[in-house]
Each structure stands twice: as structure tokens, then as C-alpha cells.
Amino acid sequence: VLTEVTPCPFLDANAQVLLAEARQTFHRLGLADQCLTGSTSNSYLLTWAGDYTNDALCLLLNQAGVMCTASGLVLEISASQESVLTALGRIAELDATDVEPLLKDVKNLIREKWDWALPNSLLIKSFASSQLDIPNAIALAKTLTA
């Protein structure tokens with residue numbers, strides 16, 4: 001939608017104005033060609049990959065030593081673009097099948113009614129499979145650092 005120029009016929013006039021503004025900003029920031037932008041101390045990563053991937057990547061970036069917050073479409077990272085790329089390089093080397101070390105510090109693993117009854121290793125695997133897309137987050141890190 002942001003790369004197109006044609007109006008969306010189902011949007012009202014106010015929504016058309018907002019869409020036009022979003023498209024202008026998208027092109028001005030060059031987001032069709034790059035997904036990492038920012039300054040010397042803050043970076044913004046637009047993955048266009050969905051919440052499960054963003055949440056997984058946010059968690060992995062925090063574990064890699066850069067402070068990250070998932071804020072809707074964007075990951076807000078308190079680090080330079082160079083530091084983010086370095087962290088993404090470390091994430092790209094992770095094993096997506098070995099989730100226990102990746103999620104060892106997560107405090108809110110209990111999400112479902114009977115999660116309290118699961119042993120910790122199974123709880124971690126359940127959380128990873130239902131709340132995160134770790135394989136896609138690692139694949140995205142590989143793509144971004146290639």
C-alpha cells in the first residue's frame with residue numbers, strides 16, 4: 001500500500017490524506033530500500049514481518065546487548081545503526097531450534113490456563129512456539145546483515 005500511488009477507493013477523505021502522508025514519509029525515508037534508520041544514538045528497524053517476528057527479534061536484540069522496544073510496526077533501539085548491525089550479526093549465528101538459552105530470562109512465560117503445570121523446559125518451548133517466531137527473526141537478521 002505504501003509503495004503504490006493509486007488511491008484506495010474504500011477510504012474516506014481523511015483516511016486518504018493520512019495515507020498520502022504515510023506514502024510521502026515512506027518514500028522520503030527511503031523505506032522501500034532500507035529498513036534500518038536513525039541517528040548516532042537511536043535506531044528504528046521496520047521489519048514488515050509481523051508481531052511474532054518483531055517480538056522475537058526485540059527479545060534477541062535485548063539479549064545481544066542493545067536495548068530494544070517493540071512499538072507497533074517499528075523496533076525502537078537505543079543504539080547506533082552500526083551497533084544494531086553488529087547485534088544482528090550475532091543473532092544471525094543463533095540456533096533457532098535451541099530456544100531454552102534464548103528465553104532463559106523471560107519472566108512472563110505463563111500465558112495459558114495450564115502453563116503453570118508445565119516443567120520449565122516445556123513452558124519455554126510452548127511460549128516460543130505460540131508467542132514468537134524465532135526462526136523468522138534469525139532469518140531476518142541473516143538477511144539484514146548479508
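Laboratory data are not the source of any read-out in this text; all were calculated from the coordinates shown. Since we're looking at a predicted model, the values are computed, not measured. Here the Cβ is made from the backbone with ideal geometry for all residues, glycine too, and neighbour counts use every protein chain on show.
So the values come out like this:
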| item | result |
| --- | --- |
| Assigned charges on the beta-carbon of Lys, Arg, Asp, Glu; the chain dipole about Cα centre (debye) | 120 |
| Computed over the chain: relative contact order in percent, which uses C-alpha pairs under 8 Å that are six or more apart | 22 |
| Helix axis angle, 134-145 relative to the chain longest principal axis, alpha carbon, degrees | 50 |
| Cα centroid separation, segment 112-132 to segment 1-42 (Å) | 38 |
| Label-point gap, in nm, between residue 51 and residue 32 - each point 7 angstrom along Cα→Cβ | 3.0 |
| Using distinct alpha-carbon pairs, which all enter the 1/r mean, Kirkwood radius of segment 1-51 in Å | 12.5 |
| Calculated on alpha-carbon atoms, Rg and Dmax of the chain in Å | 17.8, 54 |
| Spatially proximal lysines relative to residue 113 (Cα-Cα < 24 Å; intrachain offsets below 8 disregarded) | 104, 125 |
| Exposure proxy ranking, count of Cβ atoms within 10 Å, fewest first, for 127, 26 | 26, 127 |
| Principal axis dimensions, largest first and in whole angstrom, of segment 46-123 by Cα | 42, 26, 19 |
| Virtual paramagnetic centre 7 Å along Cα→Cβ of residue 97, amide N under 14 Å, in segment 109-146 | 135 |
